[in-house]
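Enquirer: Can you keep this structure in mind? I'll have questions shortly.
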Amino acid sequence: EVIDASGQILLPGFVDLHTHLREPGREDTETIESGSAAAALGGYTAVFAMANTSPVADSVVVTDHVWRRGQEVGLVDVYPVGAVTVGLEGKQLAEMGTMATGAAGVRMFSDDGHCVYDPLLMRRALEYANTFGVLIAQHAEEPRLTVGAVAHEGPTAARLGLAGWPRAAEESIVARDALLARDAGARVHICHASTAGTVELLKWAKAQGISITAEVTPHHLLLDDSRLETYDAVNKVNPPLREASDAAALRQALAEGVIDCVATDHAPHAEQDKCCEFAAARPGMLGLETALSIIVQTMVEPGLLDWRGVAKVMSERPAEIVGLDEHGRPIEVGEPANLTLVDPRASWTVRAKELASISNNTPFEDMTFPARVTTTLLRGRVTAREGKAVKRTGGP
Ligand code: DOR
Ligand code: ZN
Ligand code: ZN
């Protein structure tokens, strides 16, 4: 088969280190199948499925199920993220070794949605990670600083009467875990960096030679808390949308490599969990199908990244962080590869109803963005083309 790619940009398949698929437990909001279709349409060939499912992915039974189901669907490689602790509020380390050596070969552990906040537990997790060559991803939220918090602590939340989520909730954990990683001689990965202060701490830690990496979401690059004026809970997310100055610092940090990569934090929620009062709504927003376009708008158009840089932050760096070696190395002639084709001249308007995700909680509804993924190939097989996921025919 010949694919006409004239006028298009050829990129390595994107890797998302941070996706919430809701299987097992909330298949009414996303399944491994619907989430895989969304990922393929967004140009992704690998996604890391976060551990806060129900049951929690704290055992090999769950992590191997997620991996196998992803392979069965065949649209994207779904790598399960194991939970660091037993249960999300757990006080006890999960048996990471069993998950790491199972069929899924779990390589990243997190309690995303919940910070690993006991410092001794975090320290032990880092030591473990060091021994077994897995990565600990930290949600970075000091829970004692976010009791009741629903929005960024600042003038907007104060005026709107929304309980504030301070920057220190994130930054204190980033600082702490940088130091714990230093002492343990281990690596730590910071999920969804959201403040200018986190950028400064990452700069400092990297300059000390600490093995720390970080991701940023498209929504924290583009949006800020001025969005909250309407009280529309589609804009409620953890960590919260910050101020415009934070978003600018995050864009600069991504351009400079202080923040290593983009991750979506794709977080589907049902209509009934996003309606009514801001405080009662669940946090999180869709991200897989809009990520590339938002990176083009926020990073490529202002000249902060070129297309080479897009390949780096969407594919090569995230692949490197988790040790996926098929990305970022030269592809040999005739070798089946993970590739994404982007039409840089396209422009499209987001309509939740037209997205593959079961849920509709996109904050970008009715917004028009540049550039669009036209084709995705997973090991040489087309998984998405012209806005449609392409299911595999025949056996696996
Ligand atoms: O906004 C968020 N939603 N942040 C998280 O940390 C968890 C996620 C979810 O699972 O919905
Ligand atoms: Zn999180
Ligand atoms: Zn998350």
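No lab work stands behind these numbers, since they all come straight from the coordinates. In this text, all values refer to a predicted model and were calculated from it rather than measured experimentally. Here the Cβ is made from the backbone with ideal geometry for all residues, glycine too, and neighbour counts use every protein chain on show.
Enquirer: Putting +1 on Lys and Arg Cβ atoms and -1 on Asp and Glu Cβ atoms, find which of 291, 359, 374 reaches farthest to the positive end of the dipole of region 261-396.
Expert: It is 374.
Enquirer: What is the spin-label model distance, in nm, from residue 163 to residue 346 if the labels are put 7 Å beyond Cα along the C-beta direction?
Expert: Once both label points are built, they end up 4.2 nm from each other.
Enquirer: To the nearest µm²/s, what D does Stokes-Einstein give for the chain at 37 °C and 0.692 mPa s, using the Kirkwood radius over alpha carbon pairs as Rh?
Expert: Working: Rh = 20.8 Å.
Approximately 158 µm²/s, per Stokes-Einstein.
Enquirer: Please quote Rg/Rh for region 176-249 to two decimal places, taking the Kirkwood radius as Rh and restricting both calculations to Cα atoms.
Expert: 1.07
Enquirer: When the label point is put 7 Å from the Cα of residue 54 along its Cα-to-beta-carbon vector, which residues of region 86-125 have a backbone N closer than 20 Å?
Expert: Of the residues in region 86-125, 86-91, 111-115 have backbone N under 20 Å from the label point off residue 54.
Enquirer: For residue 386 and residue 333, what does the FRET efficiency come to when R0 = 30 Å and r is the distance between their Cβ atoms, rounded to the nearest 0.05?
Expert: 0.65
Enquirer: Moving on. Could the peptides 224-231, 69-76, 343-350 be put in order, highest first, of the mean number of other beta-carbon atoms found within 10 Å of their residues?
Expert: My ranking of the peptides, most packed first, is 69-76, 224-231, 343-350.
Enquirer: So for 392, 182, fewest C-beta neighbours within 10 Å to most, what's the order?
Expert: Exposure proxy ranking, most exposed first: 392, 182.
Enquirer: P(r) tail for region 1-70, what percent of Cα pairs lie past 15 Å?
Expert: Above the 15 Å cut-off, region 1-70 has 57 percent of its Cα pairs.
Enquirer: Kindly identify region 83-155 as rounded, prolate or oblate by the Cα gyration tensor criterion: order the square roots of the eigenvalues as a ≥ b ≥ c, call it rounded if a/c is under 1.5, otherwise compare a/b with b/c, prolate if a/b is larger, else oblate.
Expert: It comes out prolate by the Cα gyration axes.
Enquirer: Equivalent ellipsoid semi-axes for region 355-396, as square roots of 5 times the alpha carbon gyration tensor eigenvalues: give them largest first, rounded to whole Å.
Expert: 26, 14, 7
Enquirer: Right, another one. By count of other Cβ within 10 Å, fewest leading, how are 115, 275, 191 ordered?
Expert: If I rank by nearby Cβ atoms, fewest first, I get 275, 115, 191.
Enquirer: May I ask for the equivalent-ellipsoid semi-axes of region 287-355, computed as the square root of five times each C-alpha gyration tensor eigenvalue and listed largest first in whole Å?
Expert: They are 24, 15, 13 Å, listed from largest to smallest.
Enquirer: So, one more: Regarding region 185-332, what's the average projected area of the Cα-atom convex hull, expressed in nm²? Walk me through the numbers before you get to the answer.
Expert: Details: hull surface 41.4 nm².
For the Cα atoms of region 185-332, the hull's average projected area reads 10.4 nm².
Enquirer: Sticking with this one: Compute the signed sum of charges (Lys and Arg +1, Asp and Glu -1) over the other residues within less than 12 Å, Cβ to Cβ, of residue 145.
Expert: In short, -3.
Enquirer: Let me ask another. Just from the alpha-carbon atoms, what are the Rg and Dmax of region 1-150 in angstroms?
Expert: Over region 1-150's Cα set, Rg and Dmax evaluate to 16.7, 57 Å.
Enquirer: If you average the C-alpha positions of region 216-251 and of region 160-185 separately, how far apart do those two centres end up, in angstrom?
Expert: 18 Å
Enquirer: Then there is this: For residue 171, what is the net charge nearby, where nearby means another residue's Cβ is under 13 Å from its Cβ and Lys, Arg count +1, Asp, Glu -1?
Expert: -3
Enquirer: Let me ask something else. What fraction of the Cα pairs in region 313-386, stated in percent, has a spacing above 14 angstrom?
Expert: Numbers: 1938 of 2701 pairs.
Roughly 72 percent, rounded to a whole number.
Enquirer: Please give the Cα centre distance for region 291-344 versus region 29-51, rounded to the nearest Å.
Expert: 17 Å
Enquirer: Just check region 78-123 against the gyration tensor rule for me: Cα atoms, a ≥ b ≥ c as the square roots of the eigenvalues, rounded for a/c under 1.5, and otherwise prolate or oblate depending on whether a/b exceeds b/c.
Expert: Prolate shape, in that a/c is at least 1.5 and a/b is the bigger ratio.
Enquirer: Cβ under 9 Å from residue 266's Cβ, residue 266 left aside: what net charge do those residues give with Lys, Arg +1 and Asp, Glu -1?
Expert: -4
Enquirer: Which shape class applies to region 239-396: rounded if a/c is under 1.5, otherwise prolate when a/b exceeds b/c and oblate if not, where a ≥ b ≥ c are the square roots of the Cα gyration tensor eigenvalues?
Expert: On the way: a/c = 1.75, a/b = 1.23, b/c = 1.42.
Note, shape of region 239-396 comes out oblate.
Enquirer: Give me 388, 353, 236 sorted ascending by neighbouring Cβ count inside 10 Å, so fewest comes first.
Expert: Working: 388 11, 353 6, 236 26.
Going from sparsest to densest Cβ surroundings: 353, 388, 236.
Enquirer: Related question: To the nearest whole percent, what portion of all C-alpha pairs in region 244-313 is separated by more than 16 angstrom?
Expert: Within region 244-313, distances greater than 16 Å cover 57 percent of Cα pairs.
Enquirer: Looking at the chain as a GNM with Cα springs under 10 Å, which of 102, 209, 334 has the largest mean-square fluctuation?
Expert: 334
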